[in-house]
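Below is one structure; the comments refer to it alone.
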Number of protein chains: 2
Amino acid sequence: MNKLQRTPERYTTAEYEERLVRIRARMEREGFDMLILSDPSNMSWVSGYGGWSFYVHQCVVVGPDGPPVWFGRGQDAQGAYRTVWMQRDRVIGYPDHYVQSTERHPMEYLCARLKDMGWDKGHIGVEMDNYWYSARAHERLTAGLPDATFKDATGFINWQRSVKSEKELDYMRSAARLVERMHRRIAEKVEVGIRKCDLVADIYDAGLRYDDWEGHGGDYPAIVPLLPSGPDAAAPHLTWDDLPMKPDEGTFFEIAGCYQRYHVPLSRTIYLGKPPGHILDAEQAVLEGMEAGLEAARPGNTCEDIAIGFFSALERHGIQKDNRAGYSIGLSYPPDWGERTMSIRRGDRTVLQPGMTFHFMTGLWMDSWGYETTESIAISEEGPPEVFCNIPRKMLIKD
Amino acid sequence: MNKLQRTPERYTTAEYEERLVRIRARMEREGFDMLILSDPSNMSWVSGYGGWSFYVHQCVVVGPDGPPVWFGRGQDAQGAYRTVWMQRDRVIGYPDHYVQSTERHPMEYLCARLKDMGWDKGHIGVEMDNYWYSARAHERLTAGLPDATFKDATGFINWQRSVKSEKELDYMRSAARLVERMHRRIAEKVEVGIRKCDLVADIYDAGLRYDDWEGHGGDYPAIVPLLPSGPDAAAPHLTWDDLPMKPDEGTFFEIAGCYQRYHVPLSRTIYLGKPPGHILDAEQAVLEGMEAGLEAARPGNTCEDIAIGFFSALERHGIQKDNRAGYSIGLSYPPDWGERTMSIRRGDRTVLQPGMTFHFMTGLWMDSWGYETTESIAISEEGPPEVFCNIPRKMLIKD
């Protein structure tokens, strides 16, 4: 364990070591000699690192033997010493003149270090479609390691993360308490005339503050609160402005609680006034679909089964939703609280296993309005799933 | 203007058009026939788009003629209709089964659309070293457009953004009021025993709420608050936990105000107790260096001149700082509030021009402690720069 570590550990060294054994077994089956992980969530799950430094190049290398190696900006090595489970000799910092330079690239420095270690050969897995692995990084890395063969490892670790341990589920249960508190605060505060930015201040307050009953405070979610109103609610990813809320509009609140970087997202819609019939009808369809989907969310079934349950109800009501109805969730860093592995949609035949966790994202974004009522769930040992949150599953109408 | 637009516009159509003329002139000089922009800050500055959707592939294409084209996930086209200055026929949404699929890639869909428009030839600029342009995106794009030649356009638009208009400076002045309020709130609330997460809730509150005197509320900064204490302050990018603050420790608060996506970062250090001599000495050196750097921050001088002023003072005091002392700032989206163009460091000989804006990031991260007192500045027409914030430039000691 690292002597500089002050904050309570997210996982024990035994947990990291056990993960490493599983990772290496799978690497062998899939023909990888080494992995270079750029996704901060994967870096964190494998090494413990968690600083907000993903705006410069960094990675964790799982080499042919021994603990992983953290690689990043020199000044962030100090953050690594304080958060990773490996010893100092497994932390490599690159000099600052490699940062945002047009002449030098951090991957060149990495290549030199990998050569020093004799890790410049064989089949190297890189996360080709990850935000934090740019086209340039790939170009420099492949040019710098001519004796290696590169293979795509996008999602390799993400898939390892899909079944949660009991400890991880407990972190998510704590995140659920936070997002419940956030929704209760919204329900209490929202009214015609309140400014969006002020409501967001309340949402952060409810998601962060230490609560004596909980025994802990919150962390920053990987996505900021999304709360578009009226016709803007047709757009799923608009954030907020500083204008007052208007009467006779629906607003969805798509937010997550975050504890130990584990996320539990939950969306609810609030209507300030009398909701029109088409929104009430849509709600009826969504709630029916959710019942059917939750019923199907059992071990042995597939992601597609949840989707079929949900979409069939929508279709009976004549509603078309042309996007997926959810995704795997867990440990995450910006820009996304999804795990980018399973999707709740037709064609995804992944078999559900106990401990898999999903945001059952049943939002509707139509041409001139939107509606979101969602649940986050964990697949149980048998029967229907654990629903993480206890917030009434319906639109809140404040007339 | 787009009829669906509800919120006040960040820029006028005339401003966008004028930018486009400047961009095209420079494209011609540098031999680009087309630009594919993946950086959300660049997308926003060129098109107006600003949803939190950068976790899926999206871009803005500056083609050979006409207004730019927005390309993104089908459901986010609704967000584009509401925020971009172009008409609907310049917005292309891709179907949802391209999202996080192992079989299809959004860039394949883009290639097909570019072919439809006859935009599949010539020299295409792509942002090779941007977070949002992955190795896989580049691979699919180049494979899908065999008649085009690809050239690196990393920083092309960022450089266009470096000199701010009076309106942009005004947005930054508003952001400065917000970060001042955040620091005043911290100074008021911080004490031994207060939990970090609770203090962060207060920081968000101060940075977001509508203020009658200001006439507006805040937006989310591109980086979350950084506030490590004691030995952890040696690490510049650790965030927070839910533990109480301890006596006899220094904590730096690196935060930014954000208005209309324009950022003004400002850091201050607070010591709970009697600061040890080495931290007081360091402060003396930093303040002297800042005076010298600010004195050098005038039009006609270079970024390096600011750095030399600052680092010379540090060296006189025997303090070594082996990282840069600042960077260009302005419009930004996560993960970084820097513009990734100019750096305040030796070797950066960019000539300073009126309207350029910087975070003069003079933080020290030593082996077992850290200290940050910084300023954000705008280069003036003549003489020393405009210092955006009015917060005492020294450590706050609460004994």
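The values are calculated or read from the model by the stated rules, or taken from the named source; none is laboratory data. In this text the structure is predicted, and so the values were computed from the model without any measurement. Positions of Cβ are generated from backbone atoms using ideal geometry, with glycine treated the same way; all protein chains shown enter the neighbour counts. Quick note on the areas: whole protein, heavy atoms, side chains included, nothing else; ligands and nucleic acids left out. Shrake-Rupley method; radii C 1.70, N 1.55, O 1.52, S 1.80 Å.
For B:Glu315 and A:Arg88, what is the calculated FRET efficiency with R₀ set at 41 Å and r taken between the beta-carbons, to the nearest 0.05? Kindly include the intermediate steps, with their values, before the conclusion.
Details: r = 28 Å, r/R0 = 0.68.
Efficiency, from the Cβ-Cβ distance: 0.90.
Taking only the alpha carbons of the protein assembly as shown, we obtain Rg and Dmax values of 25.3, 77 Å in that order. Of the GluC sites (Glu not before Pro) found in the stretch A:206-283, the ones in coil according to DSSP and having at most 16 other Cβ atoms within 10 Å of their Cβ are A:Glu214. In the stretch A:216-241, what residues drop by 50 Å² or more of accessible area when the other protein chains are put back, versus the chain on its own? Use 1.4 Å, and skip ligands and nucleic acids. Residues passing the criterion (a loss of at least 50 Å², heavy atoms only) are A:Tyr220, A:Asp232, A:His237, A:Leu238, A:Trp240.
Near B:Gln260, the amide H atoms lying under 5 Å from its own belong to B:Asp219; only residues 5 or more places off or on other chains count, and H is placed 1.01 Å from N.
Computed 3J(HN,Hα) for the stretch A:75-82, one whole-Hz value per residue from the Karplus formula 6.51 cos²θ - 1.76 cosθ + 1.60 where θ = phi - 60°, is 5, 7, 4, 4, x, 5, 3, 8, glycine and proline marked x. For the charge dipole of chain B, defined by +1 on Lys and Arg C-beta atoms and -1 on Asp and Glu C-beta atoms about the Cα centroid, which residue among B:Gln353, B:Thr373, B:Gly51 has the Cα displaced farthest towards the positive pole? Result: B:Gly51, furthest along the dipole toward the positive end.
Let me know the shape class of the stretch B:29-159, please: from the alpha-carbon gyration tensor, a ≥ b ≥ c as square roots of the eigenvalues, rounded when a/c is under 1.5, otherwise prolate if a/b is greater than b/c, or oblate. Rounded. Shape summary: the stretch A:1-86 maps onto an equivalent ellipsoid whose semi-axes, from the alpha-carbon gyration tensor, are 21, 16, 10 Å in decreasing order. By accessible area, using a 1.4 Å probe on protein heavy atoms only, the stretch B:257-399 has 48% of its surface on carbon and sulfur. Comparing mean-square fluctuations of A:Tyr262, A:Tyr204, A:Tyr333 from a GNM of chain A with C-alpha springs under 10 Å, the top value falls on A:Tyr204. With a cut-off of 10 Å between beta carbons, the residues surrounding B:Leu364 carry a summed charge of -1, where Lys and Arg count +1 and Asp and Glu -1.
Residue by residue, the stretch B:84-97 carries 3J(HN,Hα) couplings of 8, 8, 7, 6, 4, 6, 9, 10, 10, x, 9, x, 5, 6 Hz when phi is fed to the Karplus relation 6.51 cos²θ - 1.76 cosθ + 1.60 (θ = phi - 60°); x denotes Gly or Pro. Backbone amide hydrogens, once placed in the peptide plane, bring A:Met342 within less than 5 Å of A:Ser328, excluding anything fewer than 5 places away on its chain. Each residue of the stretch B:156-164 is assigned a 3J(HN,Hα), and the resulting list reads 4, 6, 3, 5, 4, 7, 5, 8, 8 Hz, derived from the Karplus form 6.51 cos²θ - 1.76 cosθ + 1.60 (θ = phi - 60°), x at Gly and Pro. Roll a 1.4 angstrom probe over the protein heavy atoms and tell me the percent of accessible area of the stretch A:13-160 that is carbon or sulfur. Taking all protein chains in place, the stretch A:13-160 shows 49 percent carbon and sulfur surface. How much FRET efficiency would the formula 1/(1 + (r/R0)^6) give for A:Arg346 and A:His278, where r is the Cβ-Cβ distance and R0 is 30 Å, rounded to 0.05? Computed FRET efficiency for A:Arg346 and A:His278 comes out at 0.75. For chain B, the longest principal axis of the C-alpha atoms and the axis of helix B:303-316 are separated by about 20°. Restricting attention to chain B, lysine pairs at least eight places apart or on different chains and with alpha-carbon atoms under 30 angstrom apart total 26.
Of the GluC sites (Glu not before Pro) found in the stretch A:310-399, those in coil by DSSP whose Cβ has at most 13 other Cβ atoms within 10 Å are A:Glu381, A:Glu382.
Which whole-number percent is the relative contact order of chain B (Cα, under 8 Å, 6+ apart)?
Computed value for chain B: 14 percent relative contact order.
Computed about its Cα centre, the charge dipole of the stretch B:22-104 is approximately 240 debye, with only Lys, Arg, Asp and Glu carrying charge at their Cβ. Close amide H contacts of A:Arg195 (hydrogens built in the peptide plane, cut-off under 5 Å, sequence separation of 5 or more or a different chain): A:Met245. If I build a Gaussian network model for chain B, linking alpha-carbon pairs within less than 10 angstrom, which residue out of B:Pro67, B:Pro299, B:Pro146 has the largest mean-square fluctuation? The residue with the greatest mean-square fluctuation here is B:Pro146.
Using C-alpha pairs below 8 Å separated by at least 6 residues, the relative contact order for the stretch A:166-398 is 23 percent. Residue by residue along B:337-347, Cβ atoms of other protein chains within 10 Å of the local Cβ number 2 on average. GNM remark for chain A: springs join alpha carbons under 10 Å apart, and the peak mean-square fluctuation among A:Arg324, A:Arg29, A:Arg19 falls on A:Arg29.
What average count of beta carbons from other chains do you get within 10 Å of the Cβ of residues in B:319-331?
Counting other chains' Cβ atoms within 10 Å and averaging over B:319-331 gives 2.
In the context of the full set of protein chains, the protein assembly as shown has a per residue accessible area of 34 Å² (1.4 Å probe).
The relative contact order of the stretch B:63-112, computed from alpha carbon pairs under 8 Å that lie at least 6 residues apart in sequence, is 34 percent.
Lys and Arg at +1, Asp and Glu at -1: add these up for the other residues within a Cβ distance under 13 Å of B:Val190 and post the number. Here the count lands on +2.
Once A binds B, the 1.4 Å probe can no longer reach about 7000 Å² of accessible area, counting both sides. For the stretch A:8-102, GluC sites (Glu not before Pro) meeting the loop criterion (DSSP other than H, G, I, E, B) and having at most 16 other Cβ atoms within 10 Å: A:Glu9.
In this Cβ point-charge picture (+1 for Lys and Arg, -1 for Asp and Glu), the stretch A:13-160 has a dipole of about 160 debye about its Cα centre. Ranking A:Pro335, B:Leu266, B:Leu243 by Cα position along the charge dipole of the protein assembly as shown, where only Lys, Arg, Asp and Glu carry charges on their C-beta atoms, puts A:Pro335 farthest toward the positive end. Peptide B:136-148 has a mean shielding of 2, counted as Cβ atoms of other protein chains within 10 Å of each residue's Cβ.
I'd like the FRET efficiency for B:Arg24 and B:Asp212, computed as 1/(1 + (r/R0)^6) with the beta carbon distance as r and R0 of 35 Å, rounded to 0.05. Don't jump to the answer; show the numbers that get you there.
Details: r = 43 Å, r/R0 = 1.23.
The value I calculate is 0.25.
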